[in-house]
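Report on the structure given below.
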Amino acid sequence: MTPKLILTGFMATGKSAVGSLVARRLSWRFIDSDAEIVARARKPIAVIFAELGESRFRAIERETIAALADDDRRCPRSGQPLPAVISTGGGVLTDEQNCAALRRIGVIICLSARPEVIAARVSRSAAKRPKLTEGDRPLEERIRELMTERAAAYARADITVDTSDLAPDLVADRVIDAFFARGPWRCKPSA
Ligand code: S3P
């Protein structure tokens, strides 16, 4: 069975952009867990946080990840599970249940970037990211704090790729190489 390629990591490390590039290159399905959450809740993420609170958001996130992990759609011709790239929100690995569900179905690749790079990338869109505006702190300070808090969670990933100095195209190359270098399926003839 081909495992899913799961992209996670801190906000603004390029998970969605790189995920859709990787999926296009491999001709695999692309799934964005934040987009699934927005579709389930029928509200943007910042509105879910503001109206329902973070704990409700995390509960919907957990349900979404569990549903994605249980989705065993198969190719109607070969009967093989359909491969997919799944990009997740930046807080997904902080939950052990999410971590176990994702590990069961695939290889977890964490995208990282230096705090100052993240700060520059989100400077005009921080308002859409409730975890960054929490506490009304200077942006880069808040990013460093949250990164430190989450270091152990991100260390649960199988592979980490630093995106600080790379264009999405090059990150996609590294992600694909790392994924196929990792498992025994790399030698399997296609079905
Ligand atoms: C979050 C990251 C966001 C989104 C939500 C919470 C986090 O996703 O899931 O705002 O806790 O890091 P991105 O990492 O795609 O911005």
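Give the residue, chosen from 6, 31, that is under 15 Å from the mean Cα position of the chain (by Cα), among the aliphatic types (A, V, I, L, M) and crowded, with 21+ Cβ neighbours inside 10 Å. Result of the check over 6, 31: 6. Right, residue 153: surrounded by 19 or more Cβ atoms within 10 Å (Cβ to Cβ) and either touching a Ser or Thr at 6+ places or on another chain (Cβ under 6 Å) or assigned to a loop (DSSP other than H, G, I, E, B) (or both) or not? Spelling it out, residue 153 is indeed surrounded by 19 or more Cβ atoms within 10 Å (Cβ to Cβ) and either touching a Ser or Thr at 6+ places or on another chain (Cβ under 6 Å) or assigned to a loop (DSSP other than H, G, I, E, B) (or both).
In region 17-55, how many residues are closer than 25 Å to residue 75 by Cβ, assigned to a helix (DSSP H, G or I) and touching a Ser or Thr at 6+ places or on another chain (Cβ under 6 Å)? So the answer is 3. Close contacts from region 95-116, counting a first residue that is crowded, with 21+ Cβ neighbours inside 10 Å and a second that is polar (S, T, N, Q), with Cβ to Cβ under 7 Å and a gap of 6+ residues or different chains, come to 108/8; 110/8; 110/160; 111/13; 111/163; 113/13; 113/163; 113/164. For region 1-56, filtered to residues that are among the basic types (Lys, Arg) and under 23 Å from residue 154 (Cα atoms), the residue that is farthest from the ligand (Cβ to nearest atom) is 4. Close Cβ contacts (under 6 Å, 6 or more residues apart or on different chains) running from residues in region 17-33 that are more than 12 Å from residue 6 (Cα to Cα) to residues that are in a helix (DSSP H, G or I) and at pLDDT 95 or above comprise 17/168; 21/168; 21/172. Scoring residue 161 on the criteria (1) touching a helix residue (DSSP H, G or I) at 6+ places or on another chain (Cβ under 8 Å); (2) more than 23 Å from residue 46 (Cα to Cα); (3) in contact (Cβ under 8 Å) with a residue 60 or more places away in the chain leaves a single failure, condition (3).
All told, residue 77 falls short of being surrounded by fewer than 15 Cβ atoms within 10 Å (Cβ to Cβ) and part of a helix (DSSP H, G or I).
The values are calculated or read from the model by the stated rules, or taken from the named source; none is laboratory data. Every value quoted in this text rests on a predicted model; they were computed, and no experiment measured them. Cβ: placed from backbone, ideal geometry, glycine included. Neighbour counts: every protein chain shown.
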